[in-house]
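Here is the structure we will look at.
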Amino acid sequence: MSDKVQVAILAGGLGMRLREQTEFRPKPMVEVAGKPILWHIMKSYSHYGFNDFTVCLGYMGEVIKDYFYHYAIRSADIRVHLGQEDHRVEMLRKADAEPWTVSLVDTGMRTMTGGRLKRIEPYIDADYLMVTYGDGVANVNLQKLLEFHKSHGKVATVTGVSPPSRFGQLTTDENHIVTDFSEKPVMGDSLINGGFFCFSLPKFFDYVSADEGCVFEREPLENLARDRELAVYEHRDFWQCMDTLRDVQLLNEIWNSGNPPWKVWD
């Protein structure tokens with residue numbers, strides 16, 4: 001019998017640094033190439049065979065609920081029979097349905113990331129829980145991430161990434177003449193938390209609390225590291241978060257270039 005894997009996506013934050021976009025919709029619904037970034041993230045997981053999702057909702061969670069509730073109708077041709085008692089809707093052409101099961105769970109308006117994960121525990125029935133944020137994309141091989149996690153036997157794995165610097169890097173010669181300019185150089189050998197976690201259940205849930213103020217990136221991860229139960233999966237390829245309007249523009253530019261690195265699906 002194969003191991004059961006579920007995916008949780010943190011999608012409840014206020015997105016204050018992207019206020020131009022998030023005043024009327026939650027951050028995961030900000031669009032890249034005409035689709036919410038949440039859709040891009042889920043397509044990546046689905047490519048590797050992970051299709052059972054739990055989305056941790058908070059700020060404007062009803063927008064995400066509406067999106068998935070109407071997903072099929074928005075993607076299909078329909079005929080609405082008005083004036084009939086049942087107000088029937090007929091599908092003329094079925095949508096290209098994704099093979100997803102999506103649980104949409106209200107985890108609180110102000111709840112921090114750790115509290116959100118603990119509050120979905122009743123909806124999780126799996127051997128492994130993969131977790132990511134609803135505001136970033138990468139070309140992480142998620143199947144290899146899971147295999148790496150299984151191989152070391154620890155409770156938790158975090159993907160470590162080398163993000164591009166936000167400042168241009170200058171290389172000069174001895175005469176102070178610029179010999180190379182890189183607008184977004186990758187930071188050296190240092191790694192940061194790039195999301196894309198994998199956890200062994202049920203042990204992981206012992207490290208998080210349902211308290212509203214439980215910040216997953218603080219005490220839970222710190223305690224996992226203290227107990228030597230946290231491993232890092234190194235990813236030295238494409239990774240991009242979406243924190244600012246400039247990031248949104250960058251992701252759209254990359255998509256429009258015709259070869260977006262995170263588009264691993266056909």
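The values are calculated or read from the model by the stated rules, or taken from the named source; none is laboratory data. Remember, it's a predicted structure, so these values are computed and weren't measured experimentally. We place every Cβ from the backbone using ideal geometry, glycine too, and count neighbours over all the protein chains shown. Heavy atoms of the whole protein, side chains included, go into the accessibility calculation; ligands, DNA and RNA do not. Shrake-Rupley method; radii C 1.70, N 1.55, O 1.52, S 1.80 Å.
Scanning segment 26-39 for residues that are open to solvent by 10 Å² or more (accessible area, probe 1.4 Å) and either part of a helix (DSSP H, G or I) or farther than 18 Å from LEU57 by Cα (or both) yields LYS27, MET29, ALA33, GLY34, LYS35, TRP39. GLN240 meets the conditions (1) within 20 Å of the chain's Cα centre (by Cα); (2) open to solvent by 40 Å² or more (accessible area, probe 1.4 Å) in every case but one. The failed one is (2).
Where strands (runs of 3 or more DSSP E) sit wholly within segment 40-111, those with at least 1 residues that are among the aromatic types (Phe, Trp, Tyr) occupy 52-57. Scanning segment 124-144 for residues that are part of a helix (DSSP H, G or I) and surrounded by fewer than 19 Cβ atoms within 10 Å (Cβ to Cβ) yields a total of 2. For segment 64-88, a residue qualifies if it is open to solvent by 40 Å² or more (accessible area, probe 1.4 Å) and either in contact with a helix residue (DSSP H, G or I) (Cβ under 7 Å, 6 or more places away or on another chain) or of a type in the set (Asp, Glu) (or both), and the qualifying residues are ASP66, ASP77, GLU85, ASP86.
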